[in-house]
1. For residues in the stretch 86-104 being more than 15 Å from the ligand (Cβ to nearest atom) and not charged (D, E, K, R), which is most open to solvent (accessible area, probe 1.4 Å)?
2. Restricting attention to the stretch 118-129, and to residues there that are within 16 Å of the ligand (Cβ to nearest atom) and open to solvent by less than 20 Å² (accessible area, probe 1.4 Å), which single residue is farthest from LEU241 (Cα to Cα)?
3. Out of curiosity, is LEU245 at pLDDT 95 or above and open to solvent by 30 Å² or more (accessible area, probe 1.4 Å)?
4. Within the stretch 187-228, how many residues are away from the ligand (no atom under 13 Å from the Cβ), of a type in the set (D, E, K, R) and crowded, with 20+ Cβ neighbours inside 10 Å?
5. LYS221 versus (1) under 11 Å from the mean Cα position of the chain (by Cα); (2) under 19 Å from PRO126 (Cα atoms): which is the lone unmet condition?
6. Of all strands (runs of 3 or more DSSP E) completely enclosed by the stretch 177-267, which ones contain at least 1 residues that are under 18 Å from VAL79 (Cα atoms)?
7. Can you give me the number of residues within the stretch 229-238 that are out of contact with any Cys (no Cβ under 6 Å at 6 or more places or on another chain), within 13 Å of the ligand (Cβ to nearest atom) and in contact (Cβ under 8 Å) with a residue 40 or more places away in the chain?
8. With respect to SER113, determine if the residue is among the polar types (S, T, N, Q) and within 13 Å of the ligand (Cβ to nearest atom).
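The values are calculated or read from the model by the stated rules, or taken from the named source; none is laboratory data. Note that the structure is a prediction, hence the values are computed from the model and not measured. Counting neighbours? That spans all protein chains shown, and the Cβs are built from the backbone with ideal geometry, glycine included. Calculation scope for accessible area: heavy atoms of the full protein, side chains included, ligands and nucleic acids excluded. Shrake-Rupley method; radii C 1.70, N 1.55, O 1.52, S 1.80 Å.
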Amino acid sequence: MSDSNDFPAPSSASLPPLDPQTALIHSSYRAPDGFEAFPVGIHHASTVLFPNVAAMRSRDWREKLGYTYGLHGTPTSFVLEARLAEIEGGSYCRVTPSGLAAIAMVNFAFLKSGDDVLLPDNVYGPSKDLGQWLERDFQITARFYDPMIGAGLAELIQPNTRLVWTEAPGSVSMEVPDIPALCRAAHARGVLVAIDNTWAAGLAFKAFDHGVDIVMQAVTKYQSGGSDVLMGAVIVRDQALNEKLELAHMRLGFGVGMDDVYLVLRSLSSMRLRFQAHDTAARKVAAWLKQRPEIVAVLHPASRMPR
Ligand SMILES: *Cc1c(COP(=O)(O)O)cnc(C)c1O
C-alpha cells in the first residue's frame, strides 16, 4: 500500500555545490505535495498518524522520509537542517534547542567516561564550563590549550584523547587559529575535530574545507538575527558521525519548536546581507580604533596583527 505521508529523500549528495547566497533560499529538501511555496509550511507535531501498523514499523526516525515522532523533526525543521548543512558544505544537520545544547550534544555523542577532550583557552565561556563539569562529574578530562599552538597540539594529545574543540575566531579575544594545522595534528592520532563556527556563521569560514569533522552553530546569532530565538545546529559530512549525533539528539530529547524554526527560516534568507553589513561596519570601526593612540589592541579577527 502506498504511504501518502512519505516524503522524498533529501538529495543534496547528487547536487553540485550551491553558491552560499543560493543555498540560503533553496534547499534540496522537497516538501510534500501541496506544501510547495516560498515560505516553508509550519508543520507542528508530537504524535503523528500512520495509515497502518506496517507503515509505522517500516518508518525509521533517522531518515527524513516521513514523520515518526515530532521530537525528530517535521518537514519544517528538515528544510532548515538541509539549508544549514548546505551553507556549511556539509551533508547532515540536526538542530537543537540552543547553541549550548548543540555543544553538549557533540560532547555526549563522542565522549564517554575515561576519555579526554581538548578545548581552546578562548572557547565560548559556557562551553568551558561544560568541559569542567564533564571533568568534575563524568570522569572525562577536559584540558585547555593555547588556540595559537598550531602543530604543537600534537604534543598534548594523549591515548585517550577523543575530541578537540576549536573556535575561529575564538570568543571575544578573536584569535584566528591555524585550523588545518590543528586538524592535521588531531587526525594523525585519530582524534576528531569539532568547531564552534558561530562567529563566521558558516559564511566567512568553510570549516569542512579546512579539515574539521564536526561543525557546530549557535543559530541563535546570525541565522536568527532577531534576538528572539534560541537554537543550535550540528553539521557533519560523515555518515558514521551523523549516526552517533542522531542517537545523542534522540536520547537527549533535543527537539525544537517549529514556530522557532520558522522564525529562523524567515531570517535566514537575509543572513548574508546582514553578515556583510556587520563585517563592513566592524572593519571600519576596527580600522579607526587601530589608529587611535589611546588604543592598546584591537580585538577583531582581521585586525589581530601588529600595529
Ligand atoms: C551564543 C554562542 C553560543 C551558544 O548559543 P546559545 O544559543 O546562546 O546557547 C555558542 N558559541 C558561541 C561562539 C556563541 O556566541
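1. The residue in question is TYR92.
2. ASN122
3. For LEU245, the condition - at pLDDT 95 or above and open to solvent by 30 Å² or more (accessible area, probe 1.4 Å) - is not met.
4. Counting residues in the stretch 187-228 that are away from the ligand (no atom under 13 Å from the Cβ), of a type in the set (D, E, K, R) and crowded, with 20+ Cβ neighbours inside 10 Å gives 1.
5. If we test LYS221 against (1) under 11 Å from the mean Cα position of the chain (by Cα); (2) under 19 Å from PRO126 (Cα atoms), just (1) comes out false.
6. Those strands (runs of 3 or more DSSP E) span 214-218, 232-236.
7. So the count comes out to 4.
8. Spelling it out, it is not the case that SER113 is among the polar types (S, T, N, Q) and within 13 Å of the ligand (Cβ to nearest atom).
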